[in-house]
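The structure appears below as structure tokens.
The values are calculated or read from the model by the stated rules, or taken from the named source; none is laboratory data. A quick note: this is a predicted structure, and the numbers were derived from the prediction, not measured. Every residue, glycine as well, gets a Cβ built from its backbone with ideal geometry; the counts of neighbours run over all protein chains shown.
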């Protein structure tokens, strides 16, 4: 058994791919989501976010989701490949593209830390994922995983993209998604063996989902007195991309109020630990240790005056922790960002104008822009078995859900 394994994917028929698959909806308005569901009745979004969810019980919603999923198979909207395959996956945005593959791995590789995560998990979110997986008996979206560059493997994957893709379309996430199905036994074995040279991989996106999949494997194991460890539920689906090609954008913060301070008094408080300089235009940090701050119709750069206390080095080297320790907590009384309702998050995907819009509308009082978390920080934290604060990284582009799905049928 290899670290990355081929499998029989469950995927849309031809032209249905763009309407069935589901992009990350975090950046989409409610109007866009509603329109997308209406225009794409077979989209997985109609399974995971049905319009009737406010008028049905949890049990009725689960039954409806399962029935619709089964109907998609009966109607051949989606069908299962007959051969074990790797799925070469290319995602492209303006000025950037990355090539990887969709494969399966044993969930034990995650439990044993061969596949490592870096973010804290919300128990409630992981539980929701577990219930979805259990209800459908399938994993609809892959875990986004990065791996250290392996030149021979990366060259082989790129070579596969010289053929015509099985799917090629622009999704509403603003990205072009292309997929090639590789089921030639010799080529599949070659890819498997090359990937075996990689001894550790890292979860980029999907921490709640992979935790749920680990629980699901245990759940199914308890149901199966003849458990061998090789049943489909012992595996999970991942989209793997080389470290140098994956891209992290900034993940910015929005704070609802100034905890009673006027803007001028707040700036005075910030100046105790930071150098504050007013800017003539939107400020996007160009290096670690510096932040942008938008307040009262003006942009500022703020830079920590001194190095973090020695006792707080390590974790405190993260900009997110620096801002929290020296500003958000002591000045604005922001507590645990996983639970404090006064803090919000907005991905750099939206641009700095999104921060201005939120503040100018009065929805929040101050916004902070960050320099993107470097990839080496992600890997360093994972290697040390440490976790970053929530919303530390925004990987973009992201793999689509439902372009290839993995069911746990024998």
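Selection of segment 159-178 for residues being in contact with a helix residue (DSSP H, G or I) (Cβ under 9 Å, 6 or more places away or on another chain) and closer than 15 Å to residue 241 by Cβ yields 160, 177.
For residue 59, indicate whether it is in contact with a strand residue (DSSP E or B) (Cβ under 7 Å, 6 or more places away or on another chain) and in a helix (DSSP H, G or I). So residue 59 does not fit the description; no.
In the condition set (1) within 22 Å of the chain's Cα centre (by Cα); (2) modelled with pLDDT under 95, residue 196 is compliant with all but (1). Among the residues of segment 147-158, is there at least one that is in a strand (DSSP E or B) and touching a helix residue (DSSP H, G or I) at 6+ places or on another chain (Cβ under 6 Å)? Taking every residue of segment 147-158 in turn, none turns out to be in a strand (DSSP E or B) and touching a helix residue (DSSP H, G or I) at 6+ places or on another chain (Cβ under 6 Å).
Please go through segment 349-393 and give me each residue that is at positive phi and in contact (Cβ under 8 Å) with a residue 24 or more places away in the chain, ordered by number.
Start the filter on segment 349-393 by keeping residues that are at positive phi, which leaves 351, 362, 385, 391.
Once the filter is applied, which keeps residues that are at positive phi and in contact (Cβ under 8 Å) with a residue 24 or more places away in the chain, segment 349-393 yields 385, 391.
In segment 315-405, counting only helices (runs of 4 or more DSSP H) that sit wholly within it, the ones holding 1 or more residues that are modelled with pLDDT of 90 or more and either assigned by TED's automatic domain parsing to the domain that holds residue 20 or surrounded by fewer than 17 Cβ atoms within 10 Å (Cβ to Cβ) (or both) span 352-360, 375-383. Considering (1) surrounded by 14 or more Cβ atoms within 10 Å (Cβ to Cβ); (2) under 30 Å from residue 364 (Cα atoms); (3) out of contact with any helix residue (DSSP H, G or I) (no Cβ under 8 Å at 6 or more places or on another chain), the lone condition that residue 181 does not fulfil carries the number (2).
Do we have any residue at all in segment 221-238 that's within 24 Å of the chain's Cα centre (by Cα), assigned by TED's automatic domain parsing to the domain that holds residue 104 and exposed (fewer than 14 other Cβ atoms within 10 Å of the Cβ)?
Filtering segment 221-238 down to residues within 24 Å of the chain's Cα centre (by Cα) leaves 232-238.
Still in the running and assigned by TED's automatic domain parsing to the domain that holds residue 104: 232-238.
Cutting the leftovers down to exposed (fewer than 14 other Cβ atoms within 10 Å of the Cβ) gives us none.
For segment 221-238, residues within 24 Å of the chain's Cα centre (by Cα), assigned by TED's automatic domain parsing to the domain that holds residue 104 and exposed (fewer than 14 other Cβ atoms within 10 Å of the Cβ): absent.
Give me a count of the residues in segment 85-124 that are in a helix (DSSP H, G or I) and surrounded by fewer than 16 Cβ atoms within 10 Å (Cβ to Cβ). Looking only at that region, the number is 4. Only one of the numbered conditions (1) under 19 Å from residue 177 (Cα atoms); (2) part of a loop (DSSP other than H, G, I, E, B) is violated by residue 54, and that is (1). Do we find that residue 159 is assigned by TED's automatic domain parsing to the domain that holds residue 146, surrounded by fewer than 22 Cβ atoms within 10 Å (Cβ to Cβ) and touching a residue at least 40 places away in the same chain (Cβ under 8 Å) in this structure? When the stated conditions are applied, residue 159 does not pass them.
If only residues of segment 281-314 that are in contact with a strand residue (DSSP E or B) (Cβ under 8 Å, 6 or more places away or on another chain) and part of a loop (DSSP other than H, G, I, E, B) are counted, the one that is modelled with the lowest pLDDT is 289.
Listed here are the residues, each with its yes/no results for (1) touching a residue at least 24 places away in the same chain (Cβ under 8 Å); (2) farther than 27 Å from residue 380 by Cα; (3) touching a helix residue (DSSP H, G or I) at 6+ places or on another chain (Cβ under 7 Å).
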{"position": "275", "(1), (2), (3)": "yes, yes, no"}
{"position": "282", "(1), (2), (3)": "yes, yes, yes"}
{"position": "305", "(1), (2), (3)": "yes, no, no"}
{"position": "329", "(1), (2), (3)": "no, no, no"}
{"position": "347", "(1), (2), (3)": "yes, no, no"}
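Against the list (1) closer than 30 Å to residue 39 by Cβ; (2) surrounded by fewer than 17 Cβ atoms within 10 Å (Cβ to Cβ); (3) in contact (Cβ under 8 Å) with a residue 60 or more places away in the chain, the condition residue 168 fails is (3).
Hey, among 194, 153, 213, which residue is touching a strand residue (DSSP E or B) at 6+ places or on another chain (Cβ under 7 Å) and either surrounded by 16 or more Cβ atoms within 10 Å (Cβ to Cβ) or in contact (Cβ under 8 Å) with a residue 12 or more places away in the chain (or both)?
On the way: 194 fails: touching a strand residue (DSSP E or B) at 6+ places or on another chain (Cβ under 7 Å); 153 fails: touching a strand residue (DSSP E or B) at 6+ places or on another chain (Cβ under 7 Å).
Answer to the check: 213.
How many residues are over 30 Å from residue 352 (Cα atoms) and part of a helix (DSSP H, G or I) when one looks only at segment 6-51? Even if it seems obvious, please write down each step before you answer.
Step one: list which residues in segment 6-51 are over 30 Å from residue 352 (Cα atoms), which gives 6-17, 19-20, 38-44, 46-48, 50-51.
Now restrict to residues that are part of a helix (DSSP H, G or I): 14-17, 19-20, 38-39, 46-48.
Residues flagged as over 30 Å from residue 352 (Cα atoms) and part of a helix (DSSP H, G or I) within segment 6-51 amount to 11.
Every condition in (1) touching a residue at least 12 places away in the same chain (Cβ under 8 Å); (2) exposed (fewer than 15 other Cβ atoms within 10 Å of the Cβ); (3) more than 19 Å from the chain's Cα centre (by Cα) is met by residue 64 except one, and the failing one is (2). Has segment 212-232 got any residue that is within 26 Å of residue 36 (Cβ to Cβ) and at pLDDT 95 or above? The answer is yes; a qualifying residue exists.
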